[in-house]
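Peer 1: Handing you this structure, nothing more for now.
The values are calculated or read from the model by the stated rules, or taken from the named source; none is laboratory data. Quick caveat: nothing in here was measured; it's all calculated off a predicted structure. Here Cβ is always computed from backbone atoms with ideal geometry, including for glycine, and neighbour counts include all displayed protein chains.
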Amino acid sequence: MISAADEGLRLGDARGAVDAVTIAFADPRAGLFGLARLGVARAGDAPRASGLAVLFEGARPAAVLAAGDVDAGPAPDWGRVEVPGLGTGVGTPLAAWSVRFEDAAGRGFALDLEALSPPAELSPGDAAGGGLRGYEQLCRVRGEVRANGRPRRIEALGQRGHLWGVPDWDRLALTRTVSAWLDDGEGVTLAAARPAGARGHEDEATWSALLSPEEAAVVDDARLSTTYDGEGRQRRAGLELWVREEDGVPRRAAGEVVCGSTLELGELRLDSAFLRWRMDGRPGAGRYDILRRAVG
């Protein structure tokens, strides 16, 4: 069971341990989509911080930040961790947060987030976490975005995730994070991990939950399909969610990529995309990230 204590930084002492917070939002009407991730890793005796942020306006990135190997301080927590140009804050644990991102040209966002769902827990026993545990929450996102013009106010839907543990990239081929935020204030989140040497979706461990103001309901059986372009980037996706094993008919969702970018992160490659979704006839937007070993 996730509690307010889990909002703190959970780095631990294990070699290779990481703790990361990821925030994403989508305002399809304004054509604005954004992602921010702050992480802290155990590097010898001193914790080191890293950050990643991307702001899309329409189909193209308007601002990008990638920073690594920053001193996280002697006792980092999620109220104080930051890297140049990117920081987050915790207002009320599991309920309210903030994020700010600004690149060298002054583009970025300053946003407040309010939880719209209880946390959906990814437990230590879920292989879909790839060695990580944590939780995901659907959020209302409000604030200011500055892309290639004057500042714009937005009110959108998004998601905040907090994951920690020791990822085992010697045994992993890739991990996936998929989310859909529906216009009526509900959503779905999915995590998947593919073992090294596995062939495709059918060999991946998956975890999923339906998010609403009333509950975060873990899905008994979640199936993800993906269509790729010639360079292996996601173009379309489909979800089939058997919320309970005895259900006669699954919940289905279909998404098509609106914008995306590939980021090289040292030994890893991130294909990050935002999609327009439709689930049970309801429209929405969301995110689909694939993290894998970099080729070459």
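Peer 1: From the list ALA222, ALA191, ALA180, pick out the single residue that is touching a strand residue (DSSP E or B) at 6+ places or on another chain (Cβ under 9 Å) and more than 26 Å from GLU114 (Cα to Cα).
Peer 2: ALA222
Here is a yes/no grid of residues against (1) surrounded by 14 or more Cβ atoms within 10 Å (Cβ to Cβ); (2) touching a Leu at 6+ places or on another chain (Cβ under 6 Å); (3) farther than 25 Å from ARG176 by Cβ:
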site	(1), (2), (3)
GLY8	yes, no, yes
ALA20	yes, yes, no
SER50	yes, no, no
ALA72	yes, no, yes
GLY87	yes, no, yes
PRO93	yes, no, yes
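Peer 1: May I ask you to list the residues in the range 202-235 that are modelled with pLDDT of 90 or more, closer than 17 Å to GLY260 by Cβ and either of a type in the set (Asp, Glu) or not in a loop (DSSP other than H, G, I, E, B) (or both)?
Peer 2: LEU224, THR226, THR227, TYR228, ASP229, GLN234, ARG235
Peer 1: Kindly provide the set of residues from the range 82-95 that are part of a loop (DSSP other than H, G, I, E, B) and either in contact with an Asp or Glu (Cβ under 9 Å, 6 or more places away or on another chain) or of a type in the set (Lys, Arg) (or both), ordered by number.
Peer 2: GLY85, PRO93, LEU94, ALA95
Peer 1: Turning to a different aspect of this structure: I'd like to verify a number: residues in the range 6-37 that are without any contact (Cβ under 8 Å) to a residue 24 or more places away in the chain and not in a strand (DSSP E or B), how many?
Peer 2: 1
Peer 1: Tell me whether the range 73-80 contains one or more residues that are out of contact with any Ser or Thr (no Cβ under 7 Å at 6 or more places or on another chain), closer than 21 Å to GLY158 by Cα and either modelled with pLDDT under 95 or of a type in the set (Val, Ile, Thr) (or both).
Peer 2: Yes, the range 73-80 contains at least one residue that is out of contact with any Ser or Thr (no Cβ under 7 Å at 6 or more places or on another chain), closer than 21 Å to GLY158 by Cα and either modelled with pLDDT under 95 or of a type in the set (Val, Ile, Thr) (or both).
Peer 1: Give the residue that is farthest from THR226 (Cα to Cα), with candidates limited to residues of the range 241-277 that are surrounded by fewer than 16 Cβ atoms within 10 Å (Cβ to Cβ), touching a strand residue (DSSP E or B) at 6+ places or on another chain (Cβ under 6 Å) and of a type in the set (D, E, K, R).
Peer 2: Taking the candidates together, the pick is ARG252.
Peer 1: Hey, can you tell me all the residues within the range 161-181 that are of a type in the set (Phe, Trp, Tyr) and not in a strand (DSSP E or B)?
Peer 2: Answer for the range 161-181, where residues must be of a type in the set (Phe, Trp, Tyr) and not in a strand (DSSP E or B): just TRP169.
Peer 1: Taking GLY238 as the residue in question, decide whether it is among the small types (Gly, Ala, Ser), assigned to a strand (DSSP E or B), under 17 Å from ALA26 (Cα atoms) and in contact with a strand residue (DSSP E or B) (Cβ under 9 Å, 6 or more places away or on another chain).
Peer 2: Judged against the criteria, GLY238 is not a match.
Peer 1: Considering each of ALA30, ALA59, ALA24 in turn, give the residue that is touching a Lys or Arg at 6+ places or on another chain (Cβ under 7 Å) and farther than 20 Å from TRP78 by Cα.
Peer 2: ALA30
Peer 1: If I filter the range 203-227 down to residues being closer than 19 Å to ALA253 by Cβ and either over 20 Å from the mean Cα position of the chain (by Cα) or among the β-branched types (Val, Ile, Thr) (or both), which single residue comes out as surrounded by the fewest Cβ atoms within 10 Å (Cβ to Cβ)?
Peer 2: Only one residue fits best here, namely THR227.
Peer 1: Which one of these does ASP77 not meet: (1) surrounded by fewer than 19 Cβ atoms within 10 Å (Cβ to Cβ); (2) without any contact (Cβ under 8 Å) to a residue 40 or more places away in the chain; (3) within 25 Å of SER3 (Cα to Cα)?
Peer 2: (2)
Peer 1: Got a sec? Which of GLY165, GLY197, GLY185, GLY161 is surrounded by fewer than 23 Cβ atoms within 10 Å (Cβ to Cβ), over 21 Å from the mean Cα position of the chain (by Cα) and touching a residue at least 24 places away in the same chain (Cβ under 8 Å)?
Peer 2: Just one listed residue meets the conditions, GLY197.
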